[in-house]
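*Asks:* Sharing a structure, written as structure tokens. Questions coming.
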Amino acid sequence: MANESEDNKTGKGKLGKPKDLSKVPRSPLPGILDQDALDAKQDRLRIRRKKGPEIEDTEERGLFEEEVPGEEEPPTDCED
Amino acid sequence: MISILQNIALPPTATFSQTSSVGEPSVGSSAGRIFFSGNWYASESTDNGQTWSFISPVNHLPPPSSGGFCCDQTVLYDKSRNIFIWVLQYIENGTENVMRIAIKKGNDDNDAWYWWDFTPADVNSAWSNEWFDYNHAALSDNFLYVGSNTFSTVGSQSWKRYVLLRMPLDDLAQNGNLNFNFFQTTNDFSLRCVQGATSTMYFASHASTRKLRVFSWDESSDQVQQRDITVTRWSDVDPSTGGYTSKCPDNKDWLARCDSRITAGWFAKGVIGFMWTTNRKGSRQHPHVRTVRINASTFKVLSQPDIWNVDYAYAYPDVTPNDNGDVGIVLFRGGGNKFPSLVAGNFNESTKRWNLKAIIQSTHGPADKKWGDYITCRKHSDGKSWIGAGFTLEGGNTRDFIVPRYVRFEMVPTS
């Protein structure tokens, strides 16, 4: 279990010894998936993933004080 | 120039035909042994890719009681401790889910996996009713880092935080108790660690479309530093459609699912680099790959060698440096007159640009308009060449026609 320090956003913890295949029962059958269900779940996950913080577009706010290199990189060559 | 040393299509027996157009392949290799994972399979070769054995991520390792296997597998090989690292994400059960970190020796012929299971509440007891999603992993000299977003299990399942776990490689290799540190932020989404870290891990996310937020975590410290670095403005929004889009010759959109999260990072030769897929903007009329190279001493931007083309899109980059500090890359290109294609290359230190070589092109675009969410580049155990885990769509346009691909490539001096 862990302790958290909110001010520096770090913490630490410890887990006990791991499990391993010698200590748990195993299925002799290959694991079969419900691929349709997982496909649908992936779609739902992606919608949720997009609910992270919005990425702020700063162009309209005029925060352009610092120039950076690379504004006009040419197209990238790719050998076919 | 780039020389392709291996380009191997994993056969259906390697995946039990359990493939997805959201391929998410990952890979690690130790000498002739290759461990490869993806949605929804894992596979191992002990003869350098000639033959493959299917390993079910569903039940090869007994699932935790809280929920069965979901997705988001990540594989690493740590040469310093000679261990394979296999990260698996399990299904959320309404109150939590498990992220498993499994280990076996690099030369193990006895399937001697052992593992630790983390729930968010195992990291911090205050994080009940949260679940992990979208992990990635990276190494420094002495630690494994595994990061993940967490989301609420209740209500609208909103994003809660990003958590980065730091675990001693010695603990992982010794099969005993596992100590860990963690960093968490409730401000920054989908952080990405660099590959190739030594005594300091660097990781980053977007603070805005004009600012990259770069974090550094020294191995000897419990504290994390952060800096905001100004970069050339990029766009997360298509001016017409809002989201990402790139139509293949059959009018199938292979980037409808894409977004701008950082998918690649490296540290080598005193340079920190990060890469992500950005939307079209200005003269760049297709989604493409933004790159930022940063001086690790001054944290000043050195250059921004983006990867783009006037006729088609580039997306989903991943990178890693080899033992010489040369940076290898795998990514996709597609759209316009091209179906999604796997591309490999390296960063040319002389020209400060990317050398790229197309490896193979799909025959179709995805009918379900899904691709990604990540592919993987690692250094080969020879320390010189790179390996990549990617995929193509061959012979049809549904997930049944996804072909996972293992590639190995190296940089060859031009005569």
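*Asks:* Sort out which residues of region B:118-139 are more than 8 Å from chain A (Cβ to nearest Cβ) and either more than 21 Å from the chain's Cα centre (by Cα) or free of Cβ contacts under 8 Å to residues at least 40 places away in the same chain (or both), and write them in order of number.
*Replies:* Within region B:118-139, B:119, B:120, B:121, B:127, B:128, B:129, B:130, B:131 qualify.
*Asks:* Further, regarding this structure: Read through the list (1) within 19 Å of residue A:75 (Cβ to Cβ); (2) in contact with a strand residue (DSSP E or B) (Cβ under 9 Å, 6 or more places away or on another chain), then give the number of the only condition that residue B:337 fails.
*Replies:* Of everything listed in (1) within 19 Å of residue A:75 (Cβ to Cβ); (2) in contact with a strand residue (DSSP E or B) (Cβ under 9 Å, 6 or more places away or on another chain), residue B:337 misses just condition (2).
*Asks:* With the requirement that a residue be within 18 Å of residue B:182 (Cα to Cα) and assigned to a strand (DSSP E or B), what does region B:90-125 give you?
*Replies:* B:99, B:100, B:101, B:116, B:117, B:118
*Asks:* Quick check on my filter: what residues within region B:223-252 are in a strand (DSSP E or B) and closer than 23 Å to residue B:333 by Cβ?
*Replies:* Hits for region B:223-252 are B:238, B:242, B:247.
*Asks:* Going through B:87, B:58 one at a time, which residue ends up being outside any loop (DSSP other than H, G, I, E, B) and either under 24 Å from residue B:406 (Cα atoms) or in contact with a Gly (Cβ under 8 Å, 6 or more places away or on another chain) (or both)?
*Replies:* B:87
*Asks:* Further question: State yes or no: is residue B:72 within 21 Å of residue B:17 (Cα to Cα), in a strand (DSSP E or B) and at pLDDT below 95?
*Replies:* For residue B:72, the condition - within 21 Å of residue B:17 (Cα to Cα), in a strand (DSSP E or B) and at pLDDT below 95 - is met.
Residues are listed down the side, and each one gets a yes or a no for (1) within 17 Å of the chain's Cα centre (by Cα); (2) within 11 Å of another protein chain (Cβ to nearest Cβ); (3) within 17 Å of residue B:374 (Cα to Cα); (4) free of Cβ contacts under 8 Å to residues at least 40 places away in the same chain:
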residue	(1), (2), (3), (4)
B:235	no, yes, no, no
B:251	no, no, no, no
B:256	no, yes, yes, no
B:260	yes, yes, yes, no
B:263	yes, no, yes, no
B:266	yes, no, yes, no
B:281	no, yes, no, no
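*Asks:* Restricting region B:159-198 to residues that are surrounded by fewer than 22 Cβ atoms within 10 Å (Cβ to Cβ), without any contact (Cβ under 8 Å) to a residue 60 or more places away in the chain and among the β-branched types (Val, Ile, Thr), which is nearest to the other protein chains (Cβ to nearest Cβ)?
*Replies:* For region B:159-198, the residue satisfying everything is B:185.
*Asks:* Taking the criterion of being within 19 Å of residue B:165 (Cα to Cα), crowded, with 23+ Cβ neighbours inside 10 Å, more than 9 Å from every other protein chain (Cβ to nearest Cβ) and in contact (Cβ under 8 Å) with a residue 40 or more places away in the chain, would at least one residue in region B:101-109 satisfy it?
*Replies:* Scanning region B:101-109 turns up no residue that is within 19 Å of residue B:165 (Cα to Cα), crowded, with 23+ Cβ neighbours inside 10 Å, more than 9 Å from every other protein chain (Cβ to nearest Cβ) and in contact (Cβ under 8 Å) with a residue 40 or more places away in the chain.
*Asks:* Which condition number does residue A:46 fail, the rest of (1) modelled with pLDDT under 70; (2) facing chain B (nearest Cβ under 7 Å); (3) surrounded by fewer than 14 Cβ atoms within 10 Å (Cβ to Cβ) being met?
*Replies:* In the conditions (1) modelled with pLDDT under 70; (2) facing chain B (nearest Cβ under 7 Å); (3) surrounded by fewer than 14 Cβ atoms within 10 Å (Cβ to Cβ), residue A:46 misses (3) alone.
*Asks:* Check B:208, B:216, B:220, B:190 and return the single one that is in a loop (DSSP other than H, G, I, E, B) and at pLDDT 95 or above.
*Replies:* So the residue among B:208, B:216, B:220, B:190 that is in a loop (DSSP other than H, G, I, E, B) and at pLDDT 95 or above is B:220.
*Asks:* Could I ask something else about it? Right, residue B:79: more than 20 Å from residue B:389 (Cβ to Cβ) and of a type in the set (Lys, Arg) or not?
*Replies:* Here the answer is no, as residue B:79 does not meet what is asked.
*Asks:* Could you please give the count of residues in region B:68-93 that are within 11 Å of chain A (Cβ to nearest Cβ) and either of a type outside the set (Asp, Glu) or free of Cβ contacts under 8 Å to residues at least 40 places away in the same chain (or both)?
*Replies:* 6
*Asks:* Pull out all pairs, ordered by first then second residue, where Cβ-Cβ is under 6 Å, the residues are six or more apart or on different chains, the first lies in region A:4-20 and is part of a strand (DSSP E or B), and the second is modelled with pLDDT of 90 or more and among the charged types (D, E, K, R).
*Replies:* A:10/B:222
The values are calculated or read from the model by the stated rules, or taken from the named source; none is laboratory data. The structure presented is a predicted model; accordingly, all values stated were derived computationally and were not measured. As a convention, Cβ positions derive from the backbone with ideal geometry for all residues, glycine included, and neighbour counts pool all protein chains shown.
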